[in-house]
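Undergrad: Sending over a structure as structure tokens; questions will come in a sec.
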Amino acid sequence: MDWRRPLTARAVRFVLLVLVLLLAVPPLMAEERKSILLVFDEDKEFPGLAVVNGSLREAFRSELGADVEFYSESMNLSQFPETGYDGVFHDHLRRKYAGTRLDLIVAVMGPSLDFLLRHGEALFPGIPIVFCGADLSDLEGKTLRANVTGALVKRTFAPTLDIALQLQPDIRSVFVVGGTSSFDRQMQSIARRDFKPFESRVVITYLTTLPMDELLKAVSSLPPNSVVLYLTLFTDGAGRAFVPHEALSLITAAANAPVYVSLDQYVGRGAVGGHVYSLDAHGRHAAEVGLRILGGEAPETISVVEPADHRNMFDWRELRRWGLDERRLPAGSIVSFRTPSAWDLYKWYVAGGATLLVVQSTLIIRLLASRAQRRRAQRSLAERLRFETLLSEVSAEFLTLPASAVDDRIERMLQRVVETLDFDRVALAERQDGTNTMHVTHSWTRAGVAPVPMVFEDEALPWLGKRLAQGDPVRVSRLDELPEEAATDRRSLAARGIRSLAAVPLLVGGAVVGALGFSRLRGERPWPDELMARLQLLADVFANVQARRRADGAVRESEERRRRAEEEAQRQRDELAHALRVSTLGELTASFAHEINQPLSAIMTNAQAARRLLAIEQAKPRDIEDALIDITGDANRASQTIRRLRALFRKEHAERAAIDINALIEDVLGLLRNDTQGKNIVVRFTRGQALPTVLGDPVQLRQVVLNLIVNAGEAIALAASGPREIRIDTSQPEVGRVAIAVRDSGVGVKEPEVERIFERFASTKPQGLGMGLAISRSIVEAHHGRIWATRNDDLGLTLHVELPVRPQRDGPASS
């Protein structure tokens, strides 16, 4: 296409049309945010108004989402009843909303509607108004403008009194309680109209002008067969302002008769209930009218609605309190705050129990057919119950028991077996490896019965021992039941006074490790299959105990072997560390000899000088004293050097003590001073200030510092040129840790080798053994510290050591 050609008239019209559409789209796409003003006659936090406020906002938000903004104003008429307040509130709204665009105004309650009918057009010209909370009496004599519509409240009190008479047919007196505010009087006028038909049936008294104290006294002494109908009480007879809900709570607490209400928000505050109006539903109906207006409908096309939002609602607690029969309530009544009955809570348990009872009864009826059969079943059931209790007790005893307490608990459980199953003796025996001999480890005997022998040899019970060794249980109701091949066993048992016995093998991993034996000496007894099965269960429990004891013994033996191995490894490490110290000190012998010879030579020189001075008659005492002082100082130097050497030559462990790291490094530097000076190495030691002490072995920690400084000196000696300097720094990098850094200017190591230098037999020195840093690491880690190396940016290597500080104690520290 040639863009240089002029556009045709059709193309021009097309371009203009596109531009118009593009300019029109943003306004069409934009979603306008709606602004709604809520006007209340009283504080919107009053419980009833709070319900209406919440239902209005929730209904608007459910349709408009976030595209709605609420403004709220409360007239607080009960607090400001003065003449002229109307104008003050008018001026307040005019100034406050002068520059605010509103889409809808909601008048909550009649006084708010009255105010907006008087001033709404002047304050908010043309803005639609939706009212709620007003009844027909609020509209009498008023003309609604075209932009005003809403939802009416149908206030009626007659159904509540009618329900009260159904619940309490003997009612003689009705006391109507209310307040003195304009709204209170409005409610009373409606009540007087509604109660006219009842005046022939009951005596109706209006308690509407009393101060609260007198009102409470009056309702606390009402005559018998009375009820109270509560309307509203914003202001009492003394002009004191109240929240109607709180006033109701005071009245219900003091009244000696049931209190009925006609608003759902009053139920739950001590009132019985009644034919109540739902403020929540009323607020939603008003919001529906408002949403129709916001959706584009003209207010004059929407008729005022009067929804039927009443329901019969009662407080179960108050019905119970006043003894009112719930069955007299109207059909469909809502009973709130009901405490679940025992049947509600446990009906399924009761039904289950009843079912079980029926089953048991059926079984009992069948058992009655045979007295002997019943008795056997009862005995069997009792024995089973006792045994199951015993088995659960024995199992629970050994479940979490520590190994150290198993032996004592076995004795107790064997006693329980004897007492529960009516035996005379019970014994737990271990089988000797490779034989049929059983060694009794635990037993219990009833009082007056001879104790169990500790060993049952192969020769004494060969038949029994063989059967048990094969994993077969043995039961003997009478000794003459034993077969001919068990003659020896029969004689041995008779000699021990045993007249009946059962023995069950203990199996662990398929192998017989022992037996659990039960015997009777007082008489014979049968051993039915059911009893033997139970005894087998007991034997399984004790077999597990035996297995656990064996396992615990094996674990203890393994722990002991491991402990000895660790001690041996530690001894070998200590031997190697000592050998390395001796080797290192041997390499430094010349330096140490010079360090000792120097003060010794000075001592000899000063001693000869002192002798010469003593031989001179004119010698000054001051000169002789100076020579003796020099001798003393040199002797101390030599003594200190020997002390340091002895500390490093020690082979045994020193007791762990509080160690000053700075002082320990000073000691080592004192030993190595002559060696470093001989190699022309400058040592710079920067001491950390106020370092806490370290708890450790001073010999081993001296060896670590000695190894680090000697290694640094040897690395410098291998360097062909460059600075010859060792820098030592101590610090406290964090609370609870002390750090040592030894930096040299030697040959260093390559990056891949940094970590390997701590391995055994890994050395960068031509004649090195490669054990110094490995031993140093083991020493540091044994002190719960760590050691590592980093390459310097210029030359050499820095070795780092971190050690934990000595734990603080309450008392004075000992060194």
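The values are calculated or read from the model by the stated rules, or taken from the named source; none is laboratory data. Values in this document were obtained by computation on a predicted structure and should not be read as measured data. Note that each Cβ is placed from the backbone with ideal geometry, even for glycine, and that neighbours are counted across all protein chains shown. The protein model used for the area step is the full one, side chains on, heavy atoms only, and it has no ligands, DNA or RNA in it. Shrake-Rupley method; radii C 1.70, N 1.55, O 1.52, S 1.80 Å.
Undergrad: Considering only residues that are in contact with a Pro (Cβ under 7 Å, 6 or more places away or on another chain), part of a helix (DSSP H, G or I) and in contact (Cβ under 8 Å) with a residue 40 or more places away in the chain, which ones fall in the range 468-526?
TA: The answer is L468, and nothing else.
Undergrad: Can you go through V335, V350 and tell me which one is surrounded by fewer than 17 Cβ atoms within 10 Å (Cβ to Cβ) and not in a helix (DSSP H, G or I)?
TA: V335 is the lone residue from the list that is surrounded by fewer than 17 Cβ atoms within 10 Å (Cβ to Cβ) and not in a helix (DSSP H, G or I).
Undergrad: Give the residue, chosen from G65, G87, that is at positive phi and open to solvent by 10 Å² or more (accessible area, probe 1.4 Å). Walk me through how you get there before you give the answer.
TA: Numbers: G87 fails: at positive phi.
Among G65, G87, only G65 is at positive phi and open to solvent by 10 Å² or more (accessible area, probe 1.4 Å).
Undergrad: Does the range 716-759 hold any residues that are under 30 Å from A658 (Cα atoms), part of a loop (DSSP other than H, G, I, E, B) and of a type in the set (D, E, K, R), and which are they?
TA: Within the range 716-759, just E759 meets the criteria.
Undergrad: Please go through the range 782-796 and give me each residue that is charged (D, E, K, R) and exposed (fewer than 13 other Cβ atoms within 10 Å of the Cβ), ordered by number. Before the answer, list the steps.
TA: Here is the first cut: in the range 782-796, the ones charged (D, E, K, R) are 786, 791, 793-794.
D793, D794, listed by residue number.
Undergrad: Also, I was wondering about something else. Which of the residues belonging to the range 699-746 are in contact (Cβ under 8 Å) with a residue 40 or more places away in the chain, open to solvent by 30 Å² or more (accessible area, probe 1.4 Å) and not polar (S, T, N, Q)?
TA: Within the range 699-746, R702, E714, L718, G722, P723, R724, E725, R727, D729, P733, R737, R743 meet the criteria.
Undergrad: Of the residues S249, S221, S303, which single one is among the hydroxyl-bearing types (S, T, Y) and in a helix (DSSP H, G or I)?
TA: None of the others qualify; the one that does is S249.
Undergrad: Could you tell me which of the residues G290, G283 is within 48 Å of the chain's Cα centre (by Cα) and part of a helix (DSSP H, G or I)?
TA: After ruling out the rest, the residue left standing is G283.
Undergrad: Need pairs with beta-carbon distance below 8 Å; first residue in contact (Cβ under 8 Å) with a residue 40 or more places away in the chain and over 13 Å from V228 (Cβ atoms) and within the range 170-196, second among the small types (G, A, S) and part of a strand (DSSP E or B); sequence gap 6+ or separate chains.
TA: From the range 170-196, the pairs are R172/S226.
Undergrad: Of all residues being without any contact (Cβ under 8 Å) to a residue 60 or more places away in the chain and among the β-branched types (V, I, T) in the range 676-698, which is nearest to Q732 (Cα to Cα)? Just the residue, please.
TA: Ranking the qualifying residues of the range 676-698, first place goes to T686.
Undergrad: What is the number of the single condition among (1) at pLDDT 90 or above; (2) in contact with a helix residue (DSSP H, G or I) (Cβ under 7 Å, 6 or more places away or on another chain) that R320 does not meet?
TA: (2)
Undergrad: While we're here: Within the range 115-134, can one find any residue that is open to solvent by less than 50 Å² (accessible area, probe 1.4 Å), under 30 Å from S221 (Cα atoms) and touching a residue at least 12 places away in the same chain (Cβ under 8 Å)?
TA: Restricting attention to the range 115-134, the residues satisfying the condition of being open to solvent by less than 50 Å² (accessible area, probe 1.4 Å) are 115-117, 119-120, 123-124, 127-134.
Narrowing further to those that are under 30 Å from S221 (Cα atoms): none.
No, every residue in the range 115-134 fails to be open to solvent by less than 50 Å² (accessible area, probe 1.4 Å), under 30 Å from S221 (Cα atoms) and touching a residue at least 12 places away in the same chain (Cβ under 8 Å).
Undergrad: Also: Within the range 189-218, count every residue that is surrounded by fewer than 20 Cβ atoms within 10 Å (Cβ to Cβ), assigned to a helix (DSSP H, G or I) and not small (G, A, S).
TA: So the count comes out to 13.
Undergrad: Do you know which residues across the range 475-491 are open to solvent by 60 Å² or more (accessible area, probe 1.4 Å) and either over 17 Å from L531 (Cβ atoms) or over 60 Å from the mean Cα position of the chain (by Cα) (or both)?
TA: R478, D480, E481, E484, E485, R490, R491
Undergrad: Condition first: of a type in the set (A, V, I, L, M) and free of Cβ contacts under 8 Å to residues at least 24 places away in the same chain. Now tell me which residues in the range 314-359 satisfy that.
TA: Listed by number, the residues that qualify are A331, I334, V335, A342, L345, V350, A351, A354, L356, L357, V358, V359.
Undergrad: OK, next. Tell me which residues, restricted to the range 492-536, are open to solvent by less than 30 Å² (accessible area, probe 1.4 Å) and among the polar types (S, T, N, Q).
TA: S492, S500, S519
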